[in-house]
Amino acid sequence: MATGFAAFGTALPALGIAVPLVGACLLLALDQVLPRVAVDALAAVVVLGVAVLMGALVAITASGRVVSWAGGWRPAGGVSVGIVLVADPFGAGLAFLVALLTLAALLYGWQYFSHAEAHLPVLLLLFVAGMTGFALTGDLFDMFVFFELMGAVAYALTGYKIEEPESVQGAFNFGVINSLGAYLCLAGIGLLYARTGQLGLAQLGAALSGHPADLLVLVAFTLVATGWLVKAAAVPFHFWLADAHAVAPTPVCVLFSGVMAPLGVYGVARVYWATLSGTVSAAGVQRALLVLGVLTATVGALMCATQRHLKRLLAYSTIAHIGLFLLGVAALEPAGLAGSALYLAGHAGIKGALFLLVGVLLSRYGCVDEITLYGRGRGSRALGWLYVVAALALAGLPPFGVALGKAISEESLAATWLAVVFTAVSAVTGAATLRAGLRVFFAVGPPPPEHHDEDVTTGEREEREVEPAPARTPPTMLVAILLLLALGLVTGLPAVGSAAGRAAERFTDRAGYLDQVLHGAAAPAVPTPHGAAWTALGAGLGVLSAALAVGLALLVLYAPRLPRTLRVAGARTAPATHALHRLHSGHIGDYAAWLLVGAVALGVLLALPGSAAGATGVTP
Amino acid sequence: MSLYAYLVAGWLLLAGFFGVVRSRDLVHTAVCVSVAQSGTYVLLLGIGFQRGAGAPVFAPGIPTTSPVVDPVVQAMALTDIVVSATVTALLLAIAVQIAKRHGTVDPDELHALRG
C-alpha cells in the first residue's frame, strides 16, 4: 500500500505534463465531430484533472521533494545520464496555480469566443503543459525546452485575434524578444555544459560547488538569468509584456499576468539556489536583483499610472509587482522568498479577477478605454464593487494574500527605504487601477477631457470578443471572477503563510536538494520558519498602502478642482512622463537593443566586487 | 577545438541581434532571429567537438573505445533546430498577417502599440 502510494507520487510530476498534452491532442482530433459544448467540457475536465493531480502533489511535497527519473535512469554513485523531474512545494504550488488559473480562464471563456473552433482550448492545454514542465523539471536544458514550448504557444495565443492590427504586432514583438532571450539563455546553458559536462540542476550544482565563479561561469549565469528575466519582464526586458497583454484574449491575460511572467522570477531563483548559490557571489546576485527590482517596480508603477487603455494599465501594474517579487527574492533568504511566493499567488488571483472584469466591459461596450467608458458601467454596481475590492486588494489591503506576501517581504528586507518602495509602488498601482474603476463604474469626478496623444495607446479600437454583446453577464463569467478573488483571499490565510515559509526553507536548502536528487537521501525535516505570518506592522503597512491608494485615486479624479498652483506643479512632470512613454515605442528594434543593454548591465552588476549588504541590512 | 568556433558563434549571435535592431522589414527581422539562433548551434557543436573523433554511432566493427564527439550537444542542437522551425514559421505567418492588416512590414511604420 505504502509503495503503491509512493509510486503514485512519483508519477505525478510526469502526469502533470502528459495529461494536458494528451488532452490537447484529443481535443484537436475530436474538434470536427463533437459539438462545441462537448469540446469546452472536455477541456475543462482535463484541466480539472490536472488541478486535482497537482493539488495532490502539493500535499505530498509538504513532507519532502518528489524526484522522478524518466525511464528509471537513476544516478549511480551520484553520476547520472538520466533526465529528472523534481517537485518541491514551490514547483508543485506553481503547477497547481497554473491549473487553477486555466480553469478560471476556461470557465470565463465558456462558449465565449464567437468562432466555433477548438483552437483556444487546445492552445491553453499546451500552455499548461509548458508551464507545468518549467515549474517541475530538475534539468536546465529541459527548462529551456519548456520555456520555448510555453513561449511558442503564448505567441500564438497573443495573436489569436488574427484580424486585429494591434494583436498581430503585439504577438510579433513578443515572439522576437522572447526568442532572442531564449537563445541567450541557451548559449549560457551551453557554456555551463562545456565547463561541467552536466545539464541537471543538481548535477551542475555538485560539479560547480567548491570553485569560486570564474569569468565563464559568470557569463553563463548572466545569459541564463537574462533569458528568465525576459520572461519575467524585468526592466529593461519588459517591453513585450504590455504589448502582449494589451492584445491577447482576456482569459489568456489571466495566465500571462498571473503565472507566465512570474515563472521567470521562479526560474532565476531555482537556478540560483539549486545550482549556483555556492559558486557565484551572493553580494553580486543581491545587488543585481535589488537594482532590477527597484527599476522594474518604479518604471512599472509610473507607466501604470499614466495609462488609459485598461488592459495596458493592468499589464504595467503586473510589471511593477514583478519588480516587488524580485525585491523579495533579493533578500536571498527563506523569509523573503516565502513573501514573494505568497505575493505571487495572491497577485495571480487578484490580477486575474481584474482582467476578467475588464473583459466583461470589453464584451459589453467593445472598448477598454478609461476615458471613453466614463460612467458607462453605472448600471452594474455589483461588478463595480467587485472591481473596487480587487483594486484595494492589489494595493495591499489585508486580509488578502497580496498583503500577507507584501508584509513578509517587507520585513525580510531590513532596509527601511525598501519598505517605502513596496508601500509606494503598491499604492500607486492600486490608485491607478482604482481611479479607472471609479471612473468607469461610478462616474466619480468630473468627466476627463479627451485629448489625443500619439504616444499613448487608447483602448477604443478593440475587437469585441463576444458577438453579439450579451444582454447581461453570463453566470460562468461571474463564477470565474469570484473564484479568482477567493484565491486571492485564501492565500492570505495564516496556514498558507506558514506553509510558504516551510516551502521556502525547503527551496533554499541546496545541500538537501543535491542529496535527495543525486543520492536518493530522505528529505530532512524543515526548521520552523520565522516571520512567515501576519504581524501588526505588516497589516498596518498594508492598510496604509490601501489608504494611500484611495487618497491618490481621489486626488487624480478631482484634480481639475484643485488649487491652480498644485495643478501647475503637476503639469511640470508631464515632459518626463512623455519621455518615458516615448521609450515604449512599440518598435521591435528598440526592444532588441534594450535587451542587449540589459544583459550587459546584468553581467556588470553580478560581477562587480563589493557587497550590497549595506543597502539591505541583510548579511548574505 | 580552436577558438574560432566560439568566435563565430558569438559573431552570429550578435549579428542576429544587430539585424533585428536595424531591420526595416519584418521578414528580415524573422530571418535575423534565425541567424542569432544559428550562433547557438555553432556554440553547441563546438563544445562537443573533438579533433579526430568520429560520429557517436557504434556499429559492429567499430571498437567501443574509439573516440566520438559528444552526442548530448548534438541532441540539444537538434531540439534547438525544431524550436527554430516552429518559431520562424510562426513569426513569418504573423508577418504576413501584419502586412495584411497594417499595409506595411516596416517596423518604423507600425504605430498600433505605443506608450
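Here A:Leu216 passes the criteria (1) in a helix (DSSP H, G or I); (2) within 29 Å of the chain's Cα centre (by Cα) except the one numbered (2).
Flag set for B:Leu26, criterion: within 11 Å of chain A (Cβ to nearest Cβ) and either surrounded by fewer than 18 Cβ atoms within 10 Å (Cβ to Cβ) or touching a helix residue (DSSP H, G or I) at 6+ places or on another chain (Cβ under 9 Å) (or both).
Does A:Tyr193 satisfy being facing chain B (nearest Cβ under 10 Å) and over 19 Å from the mean Cα position of the chain (by Cα)? So A:Tyr193 passes the test.
Total residues in the stretch A:228-283 satisfying the condition of being away from every other protein chain (no Cβ under 14 Å), under 30 Å from A:His309 (Cβ atoms) and assigned to a helix (DSSP H, G or I): the figure is 23.
Being more than 24 Å from A:Val67 (Cβ to Cβ) and touching a Phe, Trp or Tyr at 6+ places or on another chain (Cβ under 8 Å) is the filter here, so list the residues in the stretch A:265-292 that pass it.
Residues of the stretch A:265-292 more than 24 Å from A:Val67 (Cβ to Cβ): A:280-292.
Residues satisfying the conditions are A:Val280, A:Val285.
Residues checked against (1) at pLDDT 90 or above; (2) under 21 Å from the mean Cα position of the chain (by Cα); (3) of a type in the set (D, E, K, R); (4) more than 30 Å from A:Ala574 (Cα to Cα):
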| position | (1), (2), (3), (4) |
| --- | --- |
| A:Val444 | yes, no, no, no |
| A:Glu454 | no, no, yes, no |
| A:Arg472 | no, no, yes, yes |
| A:Leu478 | yes, no, no, yes |
| A:Leu483 | yes, yes, no, yes |
| A:Phe507 | yes, yes, no, yes |
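Is there a residue in the stretch A:351-368 that is at negative phi, under 24 Å from the mean Cα position of the chain (by Cα) and outside any helix (DSSP H, G or I)? Spell out how you get there, then give the answer.
Narrowing the stretch A:351-368 to residues at negative phi: A:351-365, A:367-368.
Then keep just the ones that are under 24 Å from the mean Cα position of the chain (by Cα); that gives A:351-362, A:368.
Next, only the ones that are outside any helix (DSSP H, G or I) stay: A:368.
Yes, the conditions are met somewhere in the stretch A:351-368.
Restricting the stretch B:96-110 to residues that are facing another protein chain (nearest Cβ under 7 Å) and without any contact (Cβ under 8 Å) to a residue 40 or more places away in the chain, the residue that is surrounded by the most Cβ atoms within 10 Å (Cβ to Cβ) is B:Leu110. Every listed requirement among (1) within 22 Å of B:Tyr6 (Cβ to Cβ); (2) without any contact (Cβ under 8 Å) to a residue 60 or more places away in the chain is met by A:Pro165 save one, (1).
Only one of these is assigned to a helix (DSSP H, G or I) and among the hydrophobic types (A, V, I, L, M, F, W, C): A:Leu397, A:Leu438. Name it. I'd like the intermediate steps shown before the answer.
On the way: A:Leu397 fails: assigned to a helix (DSSP H, G or I).
None of the others qualify; the one that does is A:Leu438.
Of the residues making up the stretch A:369-401, just one is of a type in the set (Ser, Thr, Tyr) and buried (at least 22 other Cβ atoms within 10 Å of the Cβ), namely A:Tyr387. Within the stretch B:96-115, the set of residues being more than 28 Å from B:Ser38 (Cα to Cα), part of a helix (DSSP H, G or I) and touching an Asp or Glu at 6+ places or on another chain (Cβ under 9 Å) comprises B:Lys100, B:Arg101, B:His102.
The one condition from (1) crowded, with 21+ Cβ neighbours inside 10 Å; (2) more than 19 Å from A:Phe90 (Cβ to Cβ); (3) among the aliphatic types (A, V, I, L, M) that A:Leu537 does not meet is (1). Scanning the stretch A:575-589 for residues that are more than 8 Å from chain B (Cβ to nearest Cβ) and surrounded by 14 or more Cβ atoms within 10 Å (Cβ to Cβ) returns A:Thr577, A:His578, A:Leu580, A:Leu583. Residues that are among the basic types (Lys, Arg) and more than 14 Å from chain B (Cβ to nearest Cβ) do occur in the stretch A:338-351. Of all residues in the stretch B:49-95, those that are over 26 Å from B:Gly39 (Cβ atoms) and either within 13 Å of chain A (Cβ to nearest Cβ) or not hydroxyl-bearing (Ser, Thr, Tyr) (or both) total 8.
So is A:Gly501 of a type outside the set (A, V, I, L, M, F, W, C), touching a residue at least 40 places away in the same chain (Cβ under 8 Å) and part of a helix (DSSP H, G or I) or not? Against the criterion (of a type outside the set (A, V, I, L, M, F, W, C), touching a residue at least 40 places away in the same chain (Cβ under 8 Å) and part of a helix (DSSP H, G or I)), A:Gly501 qualifies.
Every condition in (1) over 19 Å from the mean Cα position of the chain (by Cα); (2) within 14 Å of chain B (Cβ to nearest Cβ); (3) among the charged types (D, E, K, R) holds for A:Arg287 except the one numbered (2). The criterion of being farther than 30 Å from A:Asn173 by Cβ, part of a helix (DSSP H, G or I) and either more than 25 Å from the chain's Cα centre (by Cα) or touching a residue at least 12 places away in the same chain (Cβ under 8 Å) (or both) holds for A:Asp515.
Residues that are at pLDDT 95 or above and more than 10 Å from chain B (Cβ to nearest Cβ) within the stretch A:158-183 comprise just one, A:Gly181. Here B:Ile47 does not fit the description of being assigned to a loop (DSSP other than H, G, I, E, B), surrounded by 12 or more Cβ atoms within 10 Å (Cβ to Cβ) and out of contact with any strand residue (DSSP E or B) (no Cβ under 6 Å at 6 or more places or on another chain). Of the listed requirements (1) of a type outside the set (Asp, Glu); (2) closer than 28 Å to A:Ser426 by Cβ; (3) away from every other protein chain (no Cβ under 14 Å), A:Val604 misses just one: (2).
Within the group A:Val428, A:Val479, A:Val421, which residue is away from chain B (no Cβ under 14 Å), surrounded by fewer than 18 Cβ atoms within 10 Å (Cβ to Cβ) and aliphatic (A, V, I, L, M)? Let's see the steps before the verdict.
Working: A:Val428 fails: surrounded by fewer than 18 Cβ atoms within 10 Å (Cβ to Cβ); A:Val421 fails: surrounded by fewer than 18 Cβ atoms within 10 Å (Cβ to Cβ).
None of the others qualify; the one that does is A:Val479.
The number of residues in the stretch A:560-586 that are touching a residue at least 60 places away in the same chain (Cβ under 8 Å) and in a helix (DSSP H, G or I) comes to 7.
The values are calculated or read from the model by the stated rules, or taken from the named source; none is laboratory data. Note that the coordinates shown come from a computational prediction; the quantities given were computed from them, not determined experimentally. Cβ sites come from the backbone with ideal geometry, for glycine too, and all protein chains shown count toward neighbours.
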